[in-house]
Amino acid sequence: MISPKLVEVGRHLNIELLTNTELLELDGEQGNFTAKIKEKPRFVDISKCTSCGECTKVCPVDTPSEHNEKLAPRKAIFKQYEQAIPGAYGISKRSIAPCKATCPAHVSIQG
């Protein structure tokens, strides 16, 4: 139901679609608004993601799906739903990685 409208918004030349953001403040009047937003990290470069889904096949971490009211699991790397705009995936991080949490220098060790 909402997907066709999102596609329309995504194609509109005068609309900048800001996903994964929170509106903090809105000032101004009709035709001249200024918005202050906070962008949440996606941890995936949307300009490089081709939305192929290969990452979900190898992701070892399951987490409750917010899209399905946490009734079904999903992978930690995910796309909200198939027609989501933009089509890029995102990673939800539960907390600090155990390796980083125990490291005295808090070095992020990726394997």
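The values are calculated or read from the model by the stated rules, or taken from the named source; none is laboratory data. Please read all numbers here as calculations on a predicted model, not as lab measurements. Ideal geometry is used to build each Cβ from the backbone, glycine not excepted, and the neighbour counts take in all protein chains shown.
Residues of the stretch 68-92 being loosely packed, with under 12 Cβ neighbours inside 10 Å and within 21 Å of residue 46 (Cα to Cα), which ones? It would help to see each step written out before you state the result.
First pass over the stretch 68-92, keeping only residues loosely packed, with under 12 Cβ neighbours inside 10 Å: 68-73, 81-82.
Those that are loosely packed, with under 12 Cβ neighbours inside 10 Å and within 21 Å of residue 46 (Cα to Cα): 81, 82.
Please give the strands (runs of 3 or more DSSP E) falling wholly within the stretch 1-108 in which 1 or more residues are at pLDDT 85 or above, among the basic types (Lys, Arg) and in contact with an Asp or Glu (Cβ under 6 Å, 6 or more places away or on another chain). Quick ask: steps written out before the conclusion?
Values: elements: 21-29, 32-39, 62-64, 73-75.
Where strands (runs of 3 or more DSSP E) fall fully within the stretch 1-108 and carry at least 1 residues being at pLDDT 85 or above, among the basic types (Lys, Arg) and in contact with an Asp or Glu (Cβ under 6 Å, 6 or more places away or on another chain), they are 32-39.
For (1) more than 18 Å from residue 79 (Cβ to Cβ); (2) in contact (Cβ under 8 Å) with a residue 12 or more places away in the chain, each residue gets a yes or a no:
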| position | (1), (2) |
| --- | --- |
| 3 | no, yes |
| 10 | no, yes |
| 14 | yes, no |
| 22 | yes, yes |
| 26 | yes, no |
| 31 | yes, no |
| 35 | yes, yes |
| 43 | no, yes |
| 48 | no, no |
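In this structure, is residue 46 closer than 27 Å to residue 12 by Cβ and among the β-branched types (Val, Ile, Thr)?
Details: closer than 27 Å to residue 12 by Cβ: yes; among the β-branched types (Val, Ile, Thr): yes.
So residue 46 fits the description; yes.
I'd like the full set of residues that are surrounded by fewer than 14 Cβ atoms within 10 Å (Cβ to Cβ) and of a type in the set (A, V, I, L, M, F, W, C), limited to the stretch 49-67.
Those that are surrounded by fewer than 14 Cβ atoms within 10 Å (Cβ to Cβ) and of a type in the set (A, V, I, L, M, F, W, C): 52, 58, 61.
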